[in-house]
Amino acid sequence: MNSPARPLRSFRLTVYSAANVLLAPLAILGLVVAVSVVIVLIIGIQAGLPLTQEASMEMTHNMGALLSMPGFLIALGALTVNRQFATALAFGSTRRDFWLGSALGFLVISVVTGIGSILLLWIEKATDHWFIGARALDVYILGQGNAWQTFLTITALCLSSLFLGAGFGTVFRAWGPRVVVVTGIGMGVLLCGGLALAVWQSDSWVPVLAPLGAWLVTIGTAALGLIAAAGSFVVNRRGTI
C-alpha cells in the first residue's frame, strides 16, 4: 500500500524554491504590465496622457498576459521531470507517486499565479488602468475585467503549459531527443489539421460557440490542460528510465 507521504515528497521537490518556481510566473505577469505601461507612455508622447477612453479601449486586444508565460512554464514542466525523477525514486517514490506529487505542485503554482493575476487586475482597475489608460489584464481575452474568468483562464493556462512540458520532458528522459522532435512534429501536424478543419467547418461551429466569447478561450485552455495531463501521466507510466 502506497504511503500518502510519497507524493508529498515529489510535491516538495517541485516547489522547493518559491523564488524560482512560485514567483517567476508572477514576475512575468508584472513584466507584461510594465511593458504595457511603457507602450502607452510612448504613445502618449503624441496622443497625450492619460489616453482617451477610446484609445484605452483599443488595448483590450492586448494578449500579452496569455502569451507571455507558456514558454517558461513548459520549460519548467520539462525540467521538473528531468531533474527530479531520479531523486524522487531514490527517496522511495513510485512513478505514480512522482506524477501525483508533481501534479499537486503544478496545481499550487497555477493557483498562486491565478490569484496574482486577480490582484494585478484589481490594482489595474482601481488605478484607472495604471493612471494612464494602460490595459494589461483588463482585456477581452481574460474576460474584460471579470476576476473569476481571469483567474480560471490564467490557472488553466499555467496547468496546461506545465503538463505539456512534463510530457515532453518525460519523452526526452525515456526515449531521447529524436522522439521529442517526432512528437513535436506530430503535435504540430495535429494542431494544423485541427485548425484547418475548424476553418473549413466554421459555418457549423461559429454560430454555436461565438456566444461564449472569451469563455471559449478559458474552456479550450482547460481542455488542453486535461489532455496534456493525461498524456504526461501515460508517458510517465510507460516510459523507460
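The values are calculated or read from the model by the stated rules, or taken from the named source; none is laboratory data. Here the structure is a predicted model, which is why all the values come from computation and not from measurement. Neighbour counts are summed over all protein chains in view; Cβ atoms, including those assigned to glycine, are modelled from backbone coordinates with ideal geometry. When the accessible area is computed, the model is the full protein with side chains, heavy atoms only, and any ligands, DNA or RNA have been set aside. Shrake-Rupley method; radii C 1.70, N 1.55, O 1.52, S 1.80 Å.
Worth a mention:
- Verdict on residue 202 being out of contact with any strand residue (DSSP E or B) (no Cβ under 7 Å at 6 or more places or on another chain), open to solvent by less than 70 Å² (accessible area, probe 1.4 Å), of a type in the set (Ser, Thr, Tyr) and without any contact (Cβ under 8 Å) to a residue 24 or more places away in the chain: yes
- Checking residue 241 against (1) assigned to a helix (DSSP H, G or I); (2) at pLDDT below 90; (3) open to solvent by 40 Å² or more (accessible area, probe 1.4 Å), the condition it does not meet: (1)
- Of all residues in segment 62-91, those being among the hydroxyl-bearing types (Ser, Thr, Tyr) and assigned to a helix (DSSP H, G or I) number 2.
- For segment 123-147, the tally of residues that are open to solvent by 60 Å² or more (accessible area, probe 1.4 Å) and under 18 Å from residue 25 (Cα atoms) stands at 1.
- Residue 159 among the aliphatic types (A, V, I, L, M), part of a helix (DSSP H, G or I), farther than 18 Å from residue 71 by Cα and at pLDDT 90 or above: no
- Total residues in segment 211-225, condition open to solvent by less than 60 Å² (accessible area, probe 1.4 Å) and at negative phi: 8
- Check on residue 170, in contact with a Leu (Cβ under 7 Å, 6 or more places away or on another chain), surrounded by 10 or more Cβ atoms within 10 Å (Cβ to Cβ) and assigned to a helix (DSSP H, G or I): no
- Here residue 196 clears all of (1) open to solvent by 80 Å² or more (accessible area, probe 1.4 Å); (2) hydrophobic (A, V, I, L, M, F, W, C); (3) farther than 29 Å from residue 108 by Cβ except the condition numbered (1).
- Whenever a residue of segment 175-187 is without any contact (Cβ under 8 Å) to a residue 12 or more places away in the chain, its partners that are open to solvent by 90 Å² or more (accessible area, probe 1.4 Å), lying with C-beta atoms within less than 8 angstrom and at least six residues away or across chains, give the pairs 179/172.
- Evaluated against (1) surrounded by fewer than 22 Cβ atoms within 10 Å (Cβ to Cβ); (2) touching a helix residue (DSSP H, G or I) at 6+ places or on another chain (Cβ under 6 Å), residue 65 falls short on exactly one condition, (1).
- Here segment 132-152 is the region considered, the condition is being assigned to a loop (DSSP other than H, G, I, E, B) and polar (S, T, N, Q), and the residue that is nearest to residue 45 (Cα to Cα) is 144.
- Residue in segment 225-234 that is farther than 17 Å from residue 107 by Cα, part of a helix (DSSP H, G or I) and under 23 Å from the mean Cα position of the chain (by Cα) present: yes
- Pairs with Cβ under 7 Å, 6+ apart, first in segment 83-98 and open to solvent by 70 Å² or more (accessible area, probe 1.4 Å), second part of a helix (DSSP H, G or I): 91/9
Here's the yes/no breakdown for (1) at pLDDT 90 or above; (2) open to solvent by less than 80 Å² (accessible area, probe 1.4 Å); (3) more than 19 Å from residue 139 (Cβ to Cβ); (4) outside any helix (DSSP H, G or I):
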site	(1), (2), (3), (4)
2	no, yes, yes, yes
11	no, yes, yes, no
19	no, yes, yes, no
27	yes, yes, yes, no
37	yes, yes, no, no
40	yes, yes, no, no
51	yes, yes, no, yes
57	yes, yes, no, no
60	yes, yes, no, no
